[in-house]
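Right, one structure below, let's go through it.
The values are calculated or read from the model by the stated rules, or taken from the named source; none is laboratory data. In this text the structure is predicted, and so the values were computed from the model without any measurement. All Cβ positions, glycine included, derive from the backbone under ideal geometry; neighbour counts span all protein chains shown.
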Amino acid sequence: MRRALLLGLGLLLLGGCTTLTRPERHSLSEVRALADQTARLYGRPPIHLAVSPDLDAPPGSYRRGSFSLNARALTSPFRDAIVAHELGHYVLGHEEPLHGTTDAELERDYQQRELDANAKAVEILRRIAGMSEVRALKAMYDYLLGVQMARERSPQLNLRGHKPPCEEIADLLTRFPTQRAWTDSLECAPVGAEITGFAIGG
């Protein structure tokens with residue numbers, strides 16, 4: 001499983017083509033539907049979606065009311081997690097300016113947004129994609145673990161704006177204390193006193 005996760009993330013992080021195949025076009029239509037449903041449920045304006053032509057683009061990115069996907073993400077097993085994370089930024093209004101005034105404060109604010117988007121993604125997968133909380137949390141965990149393994153393989157991997165993936169996983173699992181029966185034994189799970197337990201809002 002670790003090898004499959006690593007291979008999948010490695011392909012995503014290498015970028016993708018810009019000419020979409022039939023399966024990619026079908027996947028894109030599903031992603032558009034998910035984005036439209038998210039906008040309606042959360043009372044947000046429509047969000048623009050594009051497939052990035054940049055071969056070095058990350059799997060997904062969000063900026064000022066629009067998000068883009070690397071073409072490879074469209075047929076990745078991590079697609080739903082990637083899309084839900086970017087929609088998490090959108091639902092949380094992360095187009096607003098960061099509050100920090102120093103470089104260190106801005107970095108902390110940016111990293112906090114990424115953590116919050118991870119948690120909101122679980123909610124979106126549950127409410128919009130119809131997943132159970134267990135399945136939604138596992139989808140996000142598997143994606144972040146794949147990023148962690150890709151980073152272990154390639155320490156130079158650019159994760160600008162993010163905490164180390166293992167720290168993001170620990171934060172995510174902490175937010176779902178009712179799932180501890182199965183998450184406590186996972187790789188990168190928070191340990192004992194680190195678990196405070198709180199729920200995501202909205």
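Filtered by the rule that a residue be assigned to a loop (DSSP other than H, G, I, E, B) and among the acidic types (D, E), the range 161-194 gives D184, E187. From the list R72, R44, the lone residue that is at pLDDT below 95 and in a helix (DSSP H, G or I) is R72.
Listed by first and then second residue, the pairs linking a residue in the range 24-44 that is within 15 Å of I128 (Cβ to Cβ) to a residue that is aromatic (F, W, Y) and crowded, with 17+ Cβ neighbours inside 10 Å, with Cβ atoms under 7 Å apart and 6 or more places separating them unless they lie on different chains, are R44/Y90.
Scanning the range 129-153 for residues that are modelled with pLDDT under 90, in contact with a helix residue (DSSP H, G or I) (Cβ under 8 Å, 6 or more places away or on another chain) and of a type outside the set (A, V, I, L, M) turns up R151, R153. Filtered by the rule that a residue be of a type in the set (K, R) and either more than 18 Å from the chain's Cα centre (by Cα) or under 11 Å from A71 (Cβ atoms) (or both), the range 17-58 gives R22, R25, R40, R44. Among the residues making up the range 124-138, those that are assigned to a helix (DSSP H, G or I) and surrounded by fewer than 23 Cβ atoms within 10 Å (Cβ to Cβ) are R126, R127, E133, V134, R135, K138. Within the range 75-114, track down each residue that is farther than 22 Å from L41 by Cβ and assigned to a helix (DSSP H, G or I). Correct list: T75, D103, A104, E105, L106, E107, R108, D109, Y110, Q111, Q112, E114.
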